[in-house]
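Chemist: Got a structure for you, questions after.
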Amino acid sequence: MSWGTELWDQFDNLEKHTQWGIEVLEKYIKFVKERAEIEINYAKQLRNLSKKYQTKKNSKEEEESKYTSCKAFQTTLNETNDYAGQHEVISENMTSMIMAELTRVVQELKQERKAHFHEGRKAQQHIETCWKQLESSKRRFERDCKEADRAQQYFERMDADINVTKADVEKARQQAQIRHQMADDSKGDYSSVLQKFNHEQQEHYHTHIPAIFQKLQDMEERRISRLGESLKTYAEIDRQVIPIIGKCLDGITKSAESINGKQDSQTVVDSFKSGFEPPGDVDFEDFTQSMKRTVSDTSLTAPRGDIGKSEAKTPGKSRGKLWPFIKKNKGATPEDFSNLPPEQRRKKLQQKVDELNKDIQKEIDQRDALTKMKDVYMKNPQMGDPSSVAQKLIEIGNNIEKLRVEVQKFEGWLAEVEGRLPSRDNSRRQSALYETQTTAPVNNCVQDRESSPDGSYTEDQSQETEVKVTPTEFDDDFDDEEPLATIGTCKALYPFDGENEGTISIAEGEILSVIEEDKGDGWTRIRRNEEEEGYVPTSYIEVYLDKNAKGAKTYI
């Protein structure tokens with residue numbers, strides 16, 4: 001099957017067909033280009049999506065990333081980002097391996113096609129010229145034959161006419177001979193031209209045109225083959241990234257399988273455990289006993305307005321409020337993390353100690369390296385000046401000393417916190433709002449209070465006054481409550497706002513009465529003007545206890 005033999009007379013149709021074939025190739029190139037643009041845009045959108053939901057540094061989300069579910073989601077985002085990268089690879093490979101290559105092929109095909117059809121047109125023009133020469137020779141031969149025939153007939157008429165002179169007959173005879181000679185010459189020329197035309201026509205339709213059409217056929221078959229190869233490449237480009245995409249999807253699946261609900265639950269405990277003890281039972285107060293109490297001079301002399309004085313000191317407070325309902329102040333985080341509950345404070349302090357120790361180790365490593373460098377310089381002065389390293393060593397030594405001081409400071413705070421945290425093996429104190437039938441004062445959940453100096457994590461003290469009750473003495477809501485005895489005085493070293501319930505504001509230099517000393521929780525209970533009571537940080541005051549009055553109570 002050959003275009004040259006089968007389609008020898010379809011020059012125009014082959015010209016149109018080959019042009020259409022090149023247009024198909026250009027159409028495919030355009031398709032691949034748009035596919036590559038879709039892939040790169042899709043990859044860009046996937047990357048933007050992944051970036052949008054990435055955990056931001058120094059944000060709450062970063063703290064939440066410790067949960068297995070959040071880690072799995074983070075892994076999914078990272079794998080999605082890698083997945084997007086594979087679509088970028090698809091776009092790049094399609095651009096370089098298909099578009100660029102086929103664009104070059106199209107240009108070559110256009111030039112080759114143009115050359116072949118130019119050669120074909122030239123061959124057609126040549127055969128057409130030969131045909132015209134044959135037609136011209138044929139017409140000339142025909143004309144000469146007709147003129148020779150007319151000249152012969154004229155001679156025969158002249159020769160038969162007796163009235164014509166012999167000279168005229170001779171002239172007619174010679175003219176007829178000339179015409180016959182011309183006809184013979186035209187016949188020979190026509191025969192020669194015809195033979196030549198037949199040869200050229202044979203060459204044209206059996207040699208030149210088949211060769212040109214064969215080249216066009218080869219060109220078209222190459223175009224089709226390149227299109228087929230490109231389609232395979234198109235599929236192969238996708239197939240090459242499938243294993244990597246599969247790994248991305250496997251990573252997402254693996255991260256999903258790594259989610260552990262119980263582990264996350266334990267993480268919640270580790271994150272929010274305060275270290276406080278739950279409040280103890282609230283004792284029953286039998287106010288009916290006040291009906292049997294003998295009216296004393298004290299009760300008669302006590303003004304009715306003083307009844308429930310401790311409640312009046314802090315209006316709006318409820319007896320039922322316990323330490324979980326704590327108000328937090330918004331402000332700068334103290335250096336010792338005292339604004340946090342004990343357990344969380346311990347973790348933060350431990351984390352800070354670990355970070356400082358790592359910094360110290362880095363400085364030590366750097367110091368060791370510089371020391372070795374200094375020794376090398378001292379042994380080989382041409383390599384460097386030892387004094388240039390000495391100053392740096394001094395700076396590093398100072399940094400190490402500063403860091404060690406910081407470590408000691410944070411370790412002190414850490415030891416203080418760990419000493420206050422309740423032990424699982426030891427009995428724990430139970431807190432209550434009131435204590436009856438005992439002479440020892442009860443601190444309402446204050447033993448577990450751990451707070452910043454500004455009271456940003458304090459307990460809501462429902463009852464700040466202590467009630468002295470004996471087995472034979474009862475009172476009710478209408479009787480006077482007895483305040484705690486003064487056990488010493490204190491001087492405020494720093495101002496304290498006391499914005500939270502249960503605390504009291506103090507000014508620097510102010511002298512106040514101490515009614516309950518620090519129980520180991522960092523807070524001291526004080527009184528101002530026999531009317532206003534509350535807790536202040538022990539570190540904010542200087543306490544002067546009266547040894548004789550310590551632990552004693554007076555009654556009004």
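Chemist: Could you tell me whether region 141-149 includes any residue that is touching an Asp or Glu at 6+ places or on another chain (Cβ under 9 Å), within 30 Å of Tyr205 (Cβ to Cβ), open to solvent by 50 Å² or more (accessible area, probe 1.4 Å) and modelled with pLDDT of 90 or more?
Modeler: No, region 141-149 has no match at all.
Residue by residue, here is whether (1) more than 60 Å from the chain's Cα centre (by Cα); (2) farther than 30 Å from Met158 by Cβ; (3) assigned to a helix (DSSP H, G or I) holds:
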| site | (1), (2), (3) |
| --- | --- |
| His180 | yes, no, yes |
| Ser186 | yes, no, yes |
| Tyr190 | yes, no, yes |
| Gln195 | yes, yes, yes |
| Gln201 | yes, yes, yes |
| His204 | yes, yes, yes |
| Thr207 | yes, yes, yes |
| Ala211 | yes, yes, yes |
| Gln214 | no, yes, yes |
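Chemist: Considering only region 1-20, state which residues are out of contact with any Leu (no Cβ under 8 Å at 6 or more places or on another chain) and in contact (Cβ under 8 Å) with a residue 24 or more places away in the chain.
Modeler: Step one: filter region 1-20 for residues out of contact with any Leu (no Cβ under 8 Å at 6 or more places or on another chain), giving 1-2, 4-6, 8-12, 15-17, 19-20.
Of everything in region 1-20, those that are out of contact with any Leu (no Cβ under 8 Å at 6 or more places or on another chain) and in contact (Cβ under 8 Å) with a residue 24 or more places away in the chain turn out to be Ser2, Gly4, Thr5, Trp8, Phe11, Glu15, His17, Gln19.
Chemist: Given (1) over 28 Å from Val269 (Cα atoms); (2) assigned to a helix (DSSP H, G or I); (3) open to solvent by 80 Å² or more (accessible area, probe 1.4 Å), where does Gln351 come up short, assuming only one miss?
Modeler: Single failed check for Gln351: (1).
Chemist: Do we have any residue at all in region 129-136 that's of a type in the set (A, V, I, L, M), in contact with a Leu (Cβ under 7 Å, 6 or more places away or on another chain), in a helix (DSSP H, G or I) and over 29 Å from Ala36 (Cβ atoms)? Explain how you work it out, then say what you get.
Modeler: Quick first cut of region 129-136, residues of a type in the set (A, V, I, L, M) only: 134.
Still in the list and also in contact with a Leu (Cβ under 7 Å, 6 or more places away or on another chain): 134.
Applying the additional criterion that residues be in a helix (DSSP H, G or I) yields 134.
Next, from what is left, pick out any that are over 29 Å from Ala36 (Cβ atoms): 134.
Yes, region 129-136 has at least one match.
Chemist: Right, next: Give the residue that is modelled with the lowest pLDDT, with candidates limited to residues of region 161-201 that are open to solvent by 80 Å² or more (accessible area, probe 1.4 Å) and of a type in the set (A, V, I, L, M, F, W, C).
Modeler: Result: Ile162.
Chemist: Further question on the same structure: On the basis of being touching a Phe, Trp or Tyr at 6+ places or on another chain (Cβ under 9 Å), over 30 Å from Trp20 (Cα atoms) and surrounded by 13 or more Cβ atoms within 10 Å (Cβ to Cβ), does Phe213 make the cut? Full working, then the answer.
Modeler: Details: touching a Phe, Trp or Tyr at 6+ places or on another chain (Cβ under 9 Å): yes; over 30 Å from Trp20 (Cα atoms): no; surrounded by 13 or more Cβ atoms within 10 Å (Cβ to Cβ): yes.
The answer is no for Phe213.
Chemist: Would you be able to tell me the number of residues in region 7-42 that are under 15 Å from Phe117 (Cβ atoms), among the acidic types (Asp, Glu) and open to solvent by 70 Å² or more (accessible area, probe 1.4 Å)?
Modeler: Residues in region 7-42 being under 15 Å from Phe117 (Cβ atoms), among the acidic types (Asp, Glu) and open to solvent by 70 Å² or more (accessible area, probe 1.4 Å): 1 in total.
Chemist: How many residues, within region 383-438, are outside any helix (DSSP H, G or I) and modelled with pLDDT of 85 or more?
Modeler: So the answer is 0.
Chemist: What is the one condition in (1) more than 47 Å from the chain's Cα centre (by Cα); (2) open to solvent by 30 Å² or more (accessible area, probe 1.4 Å); (3) modelled with pLDDT of 75 or more that Glu481 does not satisfy?
Modeler: Only one criterion is unmet by Glu481, namely (3).
Chemist: Could you check, for region 439-453, whether at least one of its residues is surrounded by fewer than 17 Cβ atoms within 10 Å (Cβ to Cβ), modelled with pLDDT under 80, closer than 30 Å to Gly522 by Cα and not basic (Lys, Arg)? So that I can check it myself, show each step before the final result.
Modeler: As a first pass, look at region 439-453 and keep what is surrounded by fewer than 17 Cβ atoms within 10 Å (Cβ to Cβ): 439-440.
Narrowing further to those that are modelled with pLDDT under 80: 439-440.
This time we only want the ones that are closer than 30 Å to Gly522 by Cα, so: 439-440.
Next, only the ones that are not basic (Lys, Arg) stay: 439-440.
Checked against the condition, which is being surrounded by fewer than 17 Cβ atoms within 10 Å (Cβ to Cβ), modelled with pLDDT under 80, closer than 30 Å to Gly522 by Cα and not basic (Lys, Arg), region 439-453 yields at least one hit.
Chemist: Identify, please: which residue in region 330-370 is in contact with a helix residue (DSSP H, G or I) (Cβ under 7 Å, 6 or more places away or on another chain) and β-branched (Val, Ile, Thr) and is, among those, nearest to Ser274 (Cα to Cα)? Talk me through it step by step, then tell me what you get.
Modeler: Just the residues of region 330-370 that are in contact with a helix residue (DSSP H, G or I) (Cβ under 7 Å, 6 or more places away or on another chain), to begin with: 336-338, 340, 342, 345-346, 349-350, 352-353, 356-357, 359-360, 363-364, 366-367, 370.
Still in the list and also β-branched (Val, Ile, Thr): 353, 360, 364.
On the way: Val353: 20, Ile360: 30, Ile364: 36 Å.
Filtering region 330-370 for residues that are in contact with a helix residue (DSSP H, G or I) (Cβ under 7 Å, 6 or more places away or on another chain) and β-branched (Val, Ile, Thr), the one nearest to Ser274 (Cα to Cα) comes out as Val353.
Chemist: Here's a follow-up. For residues that are assigned to a loop (DSSP other than H, G, I, E, B) and either touching a residue at least 24 places away in the same chain (Cβ under 8 Å) or aromatic (Phe, Trp, Tyr) (or both), tally how many sit in region 523-542. If you could, list the steps in order and put the result at the bottom.
Modeler: Quick first cut of region 523-542, residues assigned to a loop (DSSP other than H, G, I, E, B) only: 529-531.
Filter again for either touching a residue at least 24 places away in the same chain (Cβ under 8 Å) or aromatic (Phe, Trp, Tyr) (or both), leaving 530-531.
Summing the residues that are assigned to a loop (DSSP other than H, G, I, E, B) and either touching a residue at least 24 places away in the same chain (Cβ under 8 Å) or aromatic (Phe, Trp, Tyr) (or both) in region 523-542 gives 2.
Chemist: Here's another thing I want to ask about it. What pairs can you find where one residue is in region 21-47 and touching a residue at least 24 places away in the same chain (Cβ under 8 Å) and over 16 Å from Glu88 (Cβ atoms), the other is acidic (Asp, Glu) and in a helix (DSSP H, G or I), and their Cβ atoms are less than 7 Å apart, with a gap of 6+ or different chains?
Modeler: Gly21/Glu220
Chemist: Counting just the residues of region 225-246 that are touching a residue at least 24 places away in the same chain (Cβ under 8 Å) and farther than 17 Å from Met97 by Cα, which one comes out least open to solvent (accessible area, probe 1.4 Å)?
Modeler: Ile245
Chemist: Among the residues of region 401-415 satisfying the criterion of being open to solvent by 70 Å² or more (accessible area, probe 1.4 Å) and of a type in the set (Asp, Glu), which is farthest from Arg346 (Cα to Cα)? Talk me through it step by step, then tell me what you get.
Modeler: Taking region 401-415 first, the residues open to solvent by 70 Å² or more (accessible area, probe 1.4 Å) are 401-402, 404-405, 408, 411.
The next check asks that each one be of a type in the set (Asp, Glu); those that pass are 401, 411.
Numbers: Glu401: 24, Glu411: 10 Å.
Among them, the one singled out is Glu401.
Chemist: Right, another one. List the helices (runs of 4 or more DSSP H) that sit entirely inside region 1-108 and contain at least 3 residues that are under 30 Å from Phe213 (Cα atoms). Talk me through it step by step, then tell me what you get.
Modeler: Working: elements: 3-6, 11-52, 60-64, 68-93.
By residue number, 3-6, 11-52.
The values are calculated or read from the model by the stated rules, or taken from the named source; none is laboratory data. A quick note: this is a predicted structure, and the numbers were derived from the prediction, not measured. Ideal geometry is used to build each Cβ from the backbone, glycine not excepted, and the neighbour counts take in all protein chains shown. Each accessible area value is taken on the protein alone, full model and side chains, heavy atoms only, with ligands, DNA and RNA left out. Shrake-Rupley method; radii C 1.70, N 1.55, O 1.52, S 1.80 Å.
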